[in-house]
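Trainee: A single structure is presented below for examination.
Computed from the coordinates by the stated procedures, all read-outs in this text should not be read as laboratory data. This is a predicted model, so every value here is computed, not measured.
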Amino acid sequence: MAMTLHLTDADEKILAELAEKDGVSHQEAAVRAIREVAARHGHQQQVSELSATGRTRYADLLDRLGQ
């Protein structure tokens, strides 16, 4: 899907710096940034779910440790 991305001058400078550091085009730098944020959000969701499971599973033990 084609898309036009409107950036502020500051954001354009950041994107250009990312692209230059990685030796890729501006488009590739933007795609990589999007994928990195998506992966981070997915990881955070997984950690939250595992934490909730652990708190439920070990609730009695955690209560005893807190006493």
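Trainee: Would you calculate a helix-derived [θ] at 222 nm for the chain, using -39,500 (n - 2.57) for each DSSP H run of n ≥ 4 and dividing by the full residue count, to the nearest 500?
Mentor: Per the formula, -27500 deg cm²/dmol.
Trainee: Return one number: the angle in degrees, 0 to 90 and rounded to the nearest 10, between the long axis of the Cα atoms of helix 9-22 and the longest principal axis of the Cα atoms of the chain.
Mentor: 80 degrees
Trainee: Need one number: the % of Cα-Cα pairs in the chain sitting beyond the 17 Å mark.
Mentor: Tail of the P(r) past 17 Å holds 62 percent of the pairs.
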